[in-house]
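Take a look at the structure below.
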Amino acid sequence: MNHFQLPPLLHAGGLLPFLTMVGKPLEDGDVTIDFSQLRRVVPASMVSLAAMVHLWEKQGRKVRFSGISECQILGYLQRMDLLKSCGVTLKELFQRHDARGRFFPVKAVSQPIEAMAQEVANCLAPGGEEYDHPLSGLFDTIAYVLTEVGNNIRQHSSGVGFAAAQVNRQEGLIRMAFADNGMGILKSFQTVAAPWSIDATDSDAIAKALQPRISCKAGEPNEGVGLTLVAELVSMMKGSLLVVSGKGVARIYRDGLRAFEELPEGASYRGTLVAMSFPENAASRYAELLHNAKVKAGILQPGRGRATFEP
Amino acid sequence: MSSTHTVGLSEDCGVILADGTKALAYRHAQIDPYVDICEKVTLDFSGVRSANSSFMNALISGLLEHHGEAVLEKLVFKGCKPAVAVLVESAIELGIRKSGGRVPA
């Protein structure tokens with residue numbers, strides 16, 4: 001039997017200890033997750049928990065949820081569809097209000113990625129679908145991030161993935177997170193026999209995935225710029241990014257500093273987690289951000305336009 | 001040689017362009033066959049709200065890779081919003097790099 005007591009704070013500071021806890025080798029048998037002390041969660045902890053629950057169930061383990069009635073944020077977890085995404089249905093003692101402009105609940109990355117991008121972007125940037133709307137840049141940024149990371153989950157992971165997001169008006173921050181329970185970035189490179197990957201670590205693989213034109217599926221239609229540009233966009237907006245895959249952990253801080261480390265105690269996260277936060281208002285000049293991100297990544301040279309455009 | 005072949009991306013692929021696999025199939029079916037028989041090939045992005053690098057690279061850089069850099073003289077990109085224009089230019093640079101200045105047969 002494997003018993004996981006969720007800590008009170010599953011936010012930025014509590015995330016890696018949580019991933020370390022669930023990333024250790026399990027004993028045979030079922031899994032129990034105790035929610036009784038949980039008081040705060042962020043999208044990253046919710047999507048990674050959902051991905052783990054689905055992995056354990058796929059392994060034939062029964063997953064039990066205990067302490068739910070004592071959990072102080074039960075209503076929030078229900079409204080964020082965390083329990084529902086884990087297959088738990090409870091009576092809701094609250095009225096569901098419109099999520100637009102506030103959050104996007106935990107949802108499997110399973111529908112066509114364009115439809116999911118439209119749904120999430122409309123939810124987090126209501127009105128932004130209209131090009132002249134003040135939230136138009138935020139709409140574009142969210143759609144870009146979601147489609148690129150979502151494509152990675154669908155094309156490379158061979159696992160089940162989840163997405164969730166939150167708008168924190170007090171901090172003026174958008175938080176987005178994606179987690180899958182697939183093969184992870186290193187194994188994804190190894191399956192296409194990338195020569196450098198034979199002796200590489202998980203952190204090496206994440207670092208490679210953050211470089212331009214490194215793809216797990218060489219050639220058309222993949223050019224290996226998806227995660228690279230997401231990282232550059234987040235950096236341009238003075239946001240932060242966390243990537244966890246296997247034992248590897250990569251962080252990009254708000255000042256642009258990048259750091260790579262390993263999960264402690266031999267833990268290994270099965271799959272890949274990509275989590276980010278960025279200031280809501282920084283996304284307003286999306287086209288300029290995208291241009292600068294491409295220039296910084298070395299995949300666009302300014303002033304060398306070759307295309308013929310017509311209005 | 002007939003004059004212009006025009007494809008409407010929003011009508012054919014939707015207002016959000018995000019899937020490189022779809023872009024590749026679209027290019028093979030709707031663009032490649034016309035490059036050698038038309039003077040101009042217009043890719044009309046009017047109505048496209050959002051796109052990503054995966055789609056645009058598969059659509060455009062592959063065109064340069066397969067038909068050579070000279071194909072740029074035939075291609076017209078219509079109705080691009082500023083962010084879509086950035087993706088077009090970036091995909092062209094990628095295509096030029098991959099084609100290595102190759103001259104088509």
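For region A:33-49, indicate whether the set of residues that are under 15 Å from A:ASN181 (Cα atoms) and in a loop (DSSP other than H, G, I, E, B) is non-empty. No, region A:33-49 contains no residue that is under 15 Å from A:ASN181 (Cα atoms) and in a loop (DSSP other than H, G, I, E, B). With respect to (1) within 14 Å of another protein chain (Cβ to nearest Cβ); (2) among the hydrophobic types (A, V, I, L, M, F, W, C); (3) in contact with a strand residue (DSSP E or B) (Cβ under 9 Å, 6 or more places away or on another chain); (4) open to solvent by 30 Å² or more (accessible area, probe 1.4 Å), the lone exception for A:LEU257 is condition (1).
So which of A:GLY271, A:GLY303 ends up being at positive phi and either more than 18 Å from the chain's Cα centre (by Cα) or loosely packed, with under 14 Cβ neighbours inside 10 Å (or both)? Spell out how you get there, then give the answer.
On the way: A:GLY271 fails: either more than 18 Å from the chain's Cα centre (by Cα) or loosely packed, with under 14 Cβ neighbours inside 10 Å (or both).
Of the residues listed, the single one that is at positive phi and either more than 18 Å from the chain's Cα centre (by Cα) or loosely packed, with under 14 Cβ neighbours inside 10 Å (or both) is A:GLY303.
Only one of the listed residues (A:PHE178, A:PHE189, A:PHE162) is in contact with a Cys (Cβ under 7 Å, 6 or more places away or on another chain) and either closer than 30 Å to A:ALA125 by Cβ or of a type outside the set (Ser, Thr, Tyr) (or both). That residue is A:PHE189.
All conditions but one from (1) buried (at least 22 other Cβ atoms within 10 Å of the Cβ); (2) over 17 Å from A:SER48 (Cα atoms) apply to A:LEU93; the one that does not is (1).
Can you give me the ranges of the helices (runs of 4 or more DSSP H) entirely in region B:13-90 with at least 3 residues that are more than 13 Å from the chain's Cα centre (by Cα)? Walk me through how you get there before you give the answer.
Working: elements: B:20-26, B:32-35, B:53-56, B:62-67.
Once the helices (runs of 4 or more DSSP H) in region B:13-90 are filtered for at least 3 residues that are more than 13 Å from the chain's Cα centre (by Cα), nothing remains.
Inspection of region B:10-26 identifies no residue that is buried (at least 22 other Cβ atoms within 10 Å of the Cβ) and either of a type in the set (Phe, Trp, Tyr) or farther than 28 Å from A:LEU233 by Cα (or both).
Please go through region A:144-180 and give me each residue that is touching a Gly at 6+ places or on another chain (Cβ under 9 Å), within 12 Å of B:ASN52 (Cβ to Cβ) and either open to solvent by less than 10 Å² (accessible area, probe 1.4 Å) or outside any helix (DSSP H, G or I) (or both), ordered by number. Quick ask: steps written out before the conclusion?
First, the residues of region A:144-180 that are touching a Gly at 6+ places or on another chain (Cβ under 9 Å): A:147-161, A:163, A:167, A:169, A:173-174, A:178-180.
Filter once more, keeping what is within 12 Å of B:ASN52 (Cβ to Cβ): A:147-152.
Result: A:THR147, A:GLU148, A:VAL149, A:GLY150, A:ASN151.
The values are calculated or read from the model by the stated rules, or taken from the named source; none is laboratory data. A quick note: this is a predicted structure, and the numbers were derived from the prediction, not measured. Note: ideal-geometry Cβ built from the backbone for every residue, glycine included; neighbour counts use all protein chains shown. Areas reflect the complete protein model, heavy atoms only, side chains present, ligands, DNA and RNA absent. Shrake-Rupley method; radii C 1.70, N 1.55, O 1.52, S 1.80 Å.
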